[in-house]
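The values are calculated or read from the model by the stated rules, or taken from the named source; none is laboratory data. Remember, predicted model here, so these are calculated numbers, not experimental data. Neighbour counts are summed over all protein chains in view; Cβ atoms, including those assigned to glycine, are modelled from backbone coordinates with ideal geometry. For accessibility, only protein heavy atoms count, side chains too; no ligands or nucleic acids. Shrake-Rupley method; radii C 1.70, N 1.55, O 1.52, S 1.80 Å.
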Number of protein chains: 2
Amino acid sequence: MKQKVTLKQIAKELDVSISTVSKALKDSVEISLDTRQKVKAFAKLYNYKPNNIALSLKNRKTKTIGVIIPEIVHHFFTTVIGGVEKVANEKGYNVIICSSNNSFDKEVINMEMLASGSADGFILSVAKETQLKKDYHHIQETMNQGMPVVMFDRIIDEIVCDKVIIDDTKGAQMATNHLLSLGCRRIAILTTVDYISVGKLRTNGYLNALRSYDIVHDDSLILKIEDIDHCEEEIEEFLKDKDIDAVFAVNELFAVNAIKVLRNSGKNVPEEVRVVGFTDGILAKHFIPSLTVISQHGEEMGERAATILIDKLEGSDDLTEEYKTVIIDTSLVERQSTKK
Amino acid sequence: MKQKVTLKQIAKELDVSISTVSKALKDSVEISLDTRQKVKAFAKLYNYKPNNIALSLKNRKTKTIGVIIPEIVHHFFTTVIGGVEKVANEKGYNVIICSSNNSFDKEVINMEMLASGSADGFILSVAKETQLKKDYHHIQETMNQGMPVVMFDRIIDEIVCDKVIIDDTKGAQMATNHLLSLGCRRIAILTTVDYISVGKLRTNGYLNALRSYDIVHDDSLILKIEDIDHCEEEIEEFLKDKDIDAVFAVNELFAVNAIKVLRNSGKNVPEEVRVVGFTDGILAKHFIPSLTVISQHGEEMGERAATILIDKLEGSDDLTEEYKTVIIDTSLVERQSTKK
DNA sequence: TATCCACACGCAAACGTTTTCGTAGCGAAT
DNA sequence: ATTCGCTACGAAAACGTTTGCGTGTGGATA
């Protein structure tokens, strides 16, 4: 079990100095062709690879970007990560992924851990608890230390940094409009509690759409789900005997459960009740009926976020004080759940 | 935008030596109480955090474990990662996740990248291409450099290392037995091509189960799907006019598509055809009918893998030459797709 | 023969830590 | 007055790199 070979060892074997080895490997003209070849042959033989840690220390950068997300077992977030990985790898960056599990404390710990040398910058979607607590000191601090942060999806308005989001309001509006254009008039919405930023925005979009059709919204058609793990019960209770012709759900799971409940109560989707969801995930594609949804283009979000971050990391330090908010287009993916 | 504060800076400010600061922060008795307090106050004020990179370099370990998986947008793998993260964080380890995207080259690149200083050990599920190519030099090499590797799920028999797997054969057998015990006799299997290790094993399990019931298997009931992206077409073609009373699918997607195709051809699941899948993911839980599946207990796999790896990392270097293969129990989760 | 210039290479600092060992200063004991 | 022993601290090496600069060797030139 031979250990990793270092410059020092190569130098010793070949009876030259460390610097000579280093330069030879870089094909420096300072070193004679002869020596260069010898060193390179030796290095290849022993499978020399420069030690990243040492390089990081020397260069004061790690070529690593830290991604912190609320949940790892979550289709949307993993697609975003896919996008991040893609451009990161193209540009020679590593990606460290940590999940906060929606816990504020874990988010702080992860962030501080990565901030103290492991990553050059962050791509972040904040935990539910953080949004609730409104304590953002960890984010502020890492930014103060000069590390760029790009937030996506679950962002924080009060923090000034680069952001990549979708227009949740507009997306929800698009979804609701679609239902309205199909003739639906009694549209229920299954959404989250208000402190979830995206939930609130989507609710707003729903209300906007109704307003644009001069429909007065009916509070009894709005369900704000608290506990996603027991959403089915909540939805069942809510939908019972409700006179509706459509449902807009702010995520896949709500949509699927709505369909389930509706079907159990004898209502067919899409014939009697149309359903639109949010997030184009596995369920949306494979459920029967397949779901009409607003797609968030997660991979593109990841790509954009990574691009912005890397640009900032490699940019000329100075004019970095400009922050932009990129809004990714959403699109309506029509499937069976709203077909005539 | 103040930069991160280092020992050196604190030392300078307080007009003491670097070593004094370091010791003071560690509450060394060598340092007077007075100085200790002064240093600590200063450090807290400036939010001093030791630089991980420097520590890694000094200690020759990174306290980071590298996870390489074939796909990041994949429910099973993310649950495994969840498990890994859980125990890693408990034990003060960081987790770097890289996806190989089922590409051999990317697997090699990621592995070498992480091996050169970024991680102390690996948790690995190999890419499809790697299994096909049978080129394992990168894994061998990192092991030769003294870095422990734990493989899970998609493992390589030829490589001697710790492994965490399920008994795919047994799981498939359990699934098939379940169908047999319900009275099904013409059971089709939707599986993968043979070079996918888990696919082959599951196929074997299916055959074993049939054999134990003295049923001669019928090759025309076996479909080895090549291209997962177009599995629906393949399944449709395969299932057309086939006289069967059950389907065993080696993953969720195949199962769901089978149900879809069956339903389109007028056959009801579970009434006329029973279906069992593999992997207890989102689709299995929420599809209608919900899927009876073999659960692989991904989180537990991750936890076990991480535990083994960390034990090896912190173990007394010497007796590390023992490798174990942990077999995680599978379980049958009965749902609607096989209900009477 | 003395001077000069390439050439080819080595020295040393730096990145931020930790830790071993050395030592200045000082009060007390002989 | 000398030595001892303690307290409180500093110097330096080490981890593995990169790189600016210094330098010895040799041949060519004057």
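Per-structure values
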{"item": "Packing-based order for A:302-309, A:46-53, B:285-292, using average beta carbon neighbours within 10 Å, highest first", "result": "A:302-309, B:285-292, A:46-53"}
{"item": "Pairwise burial A:B, computed as accessible area of each alone minus the pair, summed, 1.4 Å, Å²", "result": "4700"}
{"item": "At least 20 Å² of accessible area lost relative to the chain alone, listed for segment A:260-286 with a 1.4 Å probe", "result": "A:LYS260, A:ARG263, A:ILE282, A:LEU283, A:HIS286"}
{"item": "Cα-based reach from B:LYS38 at 18 Å (exclusive), listing aspartates and glutamates while leaving out same-chain residues under 8 positions away", "result": "B:GLU13, B:ASP15, B:ASP27, B:GLU30"}
{"item": "Peptide A:20-31 - average C-beta neighbours from other chains (10 Å radius)", "result": "0"}
{"item": "Average other protein chain Cβ within 10 Å of Cβ, residues A:112-125", "result": "3"}
{"item": "Restraint check, A:LYS106/B:LYS8; A:LYS8/A:LYS58; A:LYS106/A:LYS133, Cα-Cα greater than 25 Å", "result": "A:LYS106/B:LYS8"}
{"item": "Set of lysines near A:LYS339 by C-alpha distance (under 16 Å), chain-local residues within fewer than 8 positions excluded", "result": "A:LYS267, A:LYS285"}
{"item": "Inter-probe distance in nm under a simple model that places probes 7 Å from Cα toward Cβ, at A:ASP227 and A:LEU55", "result": "5.1"}
{"item": "Cα pair count fraction exceeding 17 Å, expressed as % - segment A:7-50", "result": "15"}
{"item": "Nm distances between copies for B:ASN268, ranked from closest, using label points 7 Å along Cα→Cβ", "result": "1.6"}
{"item": "Spin-label model distance (nm) - B:ASP243 vs A:ASP245, 7 Å beyond Cα toward Cβ", "result": "4.9"}
{"item": "Teacher prompt: A:ILE327 distances to equivalent labels in other copies, 7 Å Cα→Cβ, nm", "result": "5.8"}
{"item": "Rounded accessible area per residue of the protein assembly as shown, 1.4 Å, Å²", "result": "45"}
{"item": "Carbon and sulfur %, accessible surface of segment B:7-50 computed with the full protein complex present, 1.4 Å", "result": "54"}
{"item": "Estimated FRET transfer efficiency when R0 is 45 angstrom, pair B:GLU322-A:ASP27 (beta carbons, to 0.05)", "result": "0.50"}
{"item": "Estimated FRET transfer efficiency when R0 is 41 angstrom, pair A:ILE159-A:GLU13 (beta carbons, to 0.05)", "result": "0.20"}
{"item": "At 0.890 mPa s and 25 °C, Stokes D of chain B from Kirkwood alpha-carbon radius, µm² per second", "result": "108"}
{"item": "For A:GLN140, label point 7 Å along C-beta direction: distances to other copies, nm", "result": "5.6"}
{"item": "Percent carbon-and-sulfur accessible area, segment B:110-258, ignoring ligands, DNA and RNA, probe 1.4 Å", "result": "48"}
{"item": "Tensor-based shape of the protein assembly as shown (alpha-carbon gyration tensor, a/c under 1.5 rounded, otherwise prolate or oblate)", "result": "oblate"}
{"item": "Accessible area of A:THR130 in the full protein assembly, 1.4 Å probe (Å², nearest 10)", "result": "0"}
{"item": "Estimated distance in nm for a label pair at B:ASP214 and B:VAL333, the labels positioned 7 Å out from Cα along Cα-to-Cβ", "result": "3.6"}
{"item": "Largest to smallest accessible area among B:HIS75, B:HIS230, B:HIS138 [probe 1.4 Å]", "result": "B:HIS230, B:HIS75, B:HIS138"}
